[in-house]
Structures are given as C-alpha cells and as structure tokens.
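Here is the structure we will look at, set down as structure tokens.
The values are calculated or read from the model by the stated rules, or taken from the named source; none is laboratory data. Note that the structure is a prediction, hence the values are computed from the model and not measured. Positions of Cβ are backbone-derived with ideal geometry, glycine not excepted, and every protein chain shown enters the neighbour counts.
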Amino acid sequence: MIIFAGDLNILRQIFIFCFSGLMFMVVGVFPVCGFATAVEESINSSEVEATIEAVEPEPAFIDWMQDGIHWSIDNSVRWFDGFFGDSENKRGDTYGRVSTRIIWKNRDGFKISGRLKAKTSLENFRDRVDAVLMKGDSDSYLEGRSDMDNGLRGAIPSSDDDDWIAGVGYAPSISESGRIRFGAGIRFSTPVNPYVRARYGFLHHFNDQSMMRVRQTVFWKSRDGFGTTTNLDLERTLNGNFLLRWTNAGTYGESIRGVDWESTLTLYQNIGENKAMAYLLMAEGETDNKVSLREYGFRAVYRQQMFREWFFGEILGGMTWPKDGIHDSRRGALHVGIGFEILFGDHPARK
C-alpha cells in the first residue's frame, strides 16, 4: 500500500491535535454538549396534533474529533482502492483506534506517545484483501507480539512508537478454530523498509471457563532479515468479575541473540459501571544475551469508559527493574501515567 508523505503529515497533525484536545477536555475547557428539544402544539382543540421536534445538538468536541479521524483515514483508503476500480467503500467498513499516553519514570522523566491502528476492507478485491495503517511499535506488530500491549514494551513509550506502517493483508477462511493471514507492506523509516509476514492462529476451548490460544508468525524485514514468533496464551474465567490470562511470546531471528522472550500474567477485574482494573506481573529478556533477564516488574491499570461508549481513559502505575549491561546494577524504576483511547468505526471492541 502506498501512502504519500502529505497523508502522513496529516495523520501526524491529527495525533497532535487529538492529544491537545484530550488534555483540554480533561480540565473542563470543552464541556460535553447537551440535547435540546422544541415542542409545537396545535391551537385547534378539535384537531389536536402535538408534534415534538428534536433539535439537532451541536456535536461535542470529542464527537467532532472522532469523526475527523474516521473521515481522514476512510478517504485515504477510498483513494487507494479507486486505483483498482470504482470505489464505493462505506465508512462503516473502516475501523480502528487512536490512543495517547503520558508516562513519567523516575529515571527518564516524561515521555509522550501516540498510536493508531486502522483496518478496512478493499471493495475492489471483493473483501478478500484488507488494508492496515498503523503508528506505534512496529517491531512488535511485524513480529507478531502486538497482542501483548499491556506488557513492558506496550506501556512504556519508545523510539519505535514513531514508526508508520502501511500494508495489505489476506485472510482465507480455514476453520472456526484456526485462522491464517498473509500480509505485506512498508515501514516508513530512513530508509524505507518493506516487510512480508504470515501468521497462523489456533483457538482451543478446554471448557466453558478455560481456553488456549496459539499463534505462529513468520516474517521478513528488510532491515533485520527473517524471523519467527511463537505466542501461547492461557486464559481462565475465575468468576463473573475476574479473568486470569497468561501471555507468552518468543521470537527467534537473524538479528536476535537466541530467543527474545516476554511473559505477562494478568488478572482482570470488572468493577462495574464500565470500569475495570488489570494487575500485571511481567518479565522479558534475550536468552543468549549477556543479560538474559532484561527487565521484570509489576503494574496496575485502571480503565474507565468516559463521556461516550467509544472513549476510554486510564491511569497506570508500577515498578520495574531493568538491566542493560552486565556491569550495570539493577535498580528499581517507578512509573506512573495516564492515557486516552478513541475507537472509531464499527470496532469489534464496541460490540
């Protein structure tokens, strides 16, 4: 998929604009608009016809912002799809999420990151091919670790969060429990890096409370060469309000010393009224590195739906113990932060 530099600049401006707006909204500069109604009554009592006409409300700032993000991405997709025929792609076919986080660490200070992931079907390929546009940790996505967003790599902003990826994917139907997906695209960096990857996923339910998910990803990146990632997730529902998930990933590749691994044990708690907590224990490392255990720690995340069904806020905090070099001391690193997320389109998370 080809995205012009102008389109990328527009998306970068969207991120800056979204973040600024969200900050102002939190301190109350942009109140959520209410609804107004007008009532008209007939004077003739013999022909009483009371009509209530709803006055269209002024869209709130967050509504305008969500619609602008959706419109910008959707129009870019229609433009690309139009190269292969007349495009009548409906906006409902495009969905995704955009988020921003502010993290403070006692060792590094403040860091701000913005992420976006959008997906849509391409009508002129008869829905057999879809397009993906993403800003975030490109290595985690390309190597098949992007589902571990609550782990150490996902929560702390890094230089990889500045990467943009544009690609296409094809997912033929295999079975209800197994899925395969092929993808290819470009990572916009200096220099531009193409990639290809294939992923197979298998889902098995042990019973009504327990399940296992296995995913195998094979990838090639022009900068790092070939590699493969194995994901294993085990999940169990403890009762109506608690869910325990153990997520593991191991990546082997030409640019990796041994196996680059990470493991996260998460307890999710539903505390009602669209509020939830997550408690995490995390560790990651590289088996053949001089420091095989690169970092471990814990984190708690509070997440709540705010203002709209598609708008979420979160507060997180935790402590990790990183170690980069063999002679470095392993000192604790405290981190706290806030984040916001907007879902747009018919996102599965809204169902």
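Per the conditions (1) in contact with a helix residue (DSSP H, G or I) (Cβ under 9 Å, 6 or more places away or on another chain); (2) modelled with pLDDT of 95 or more, the sole criterion not satisfied by residue 234 is (1). When restricted to residues that are modelled with pLDDT of 80 or more and not in a loop (DSSP other than H, G, I, E, B), the range 164-175 contains 7.
Scanning the range 75-103 for residues that are at pLDDT 75 or above and of a type outside the set (Val, Ile, Thr) yields 95, 96, 97, 99, 101. With respect to the stated conditions, residue 334 is of a type in the set (A, V, I, L, M), assigned to a strand (DSSP E or B) and out of contact with any helix residue (DSSP H, G or I) (no Cβ under 9 Å at 6 or more places or on another chain).
For residue 250, the stated conditions do not hold, so it cannot be described as in contact (Cβ under 8 Å) with a residue 12 or more places away in the chain and more than 22 Å from the chain's Cα centre (by Cα).
Taken together, the residues in the range 261-273 that are out of contact with any Lys or Arg (no Cβ under 9 Å at 6 or more places or on another chain) and not hydroxyl-bearing (Ser, Thr, Tyr) amount to 6. Looking at residue 110, is it of a type in the set (Phe, Trp, Tyr), modelled with pLDDT under 80 and either assigned to a strand (DSSP E or B) or on the phi < 0 side of the Ramachandran plot (or both)? When the stated conditions are applied, residue 110 does not pass them.
Please determine, by comparing only the residues of the range 320-346 that are under 19 Å from residue 264 (Cα atoms) and surrounded by 13 or more Cβ atoms within 10 Å (Cβ to Cβ), which one is farthest from the chain's Cα centre (by Cα). My answer is 323. Filtered by the rule that a residue be more than 20 Å from the chain's Cα centre (by Cα) and of a type in the set (A, V, I, L, M), the range 165-194 gives 174, 180, 192.
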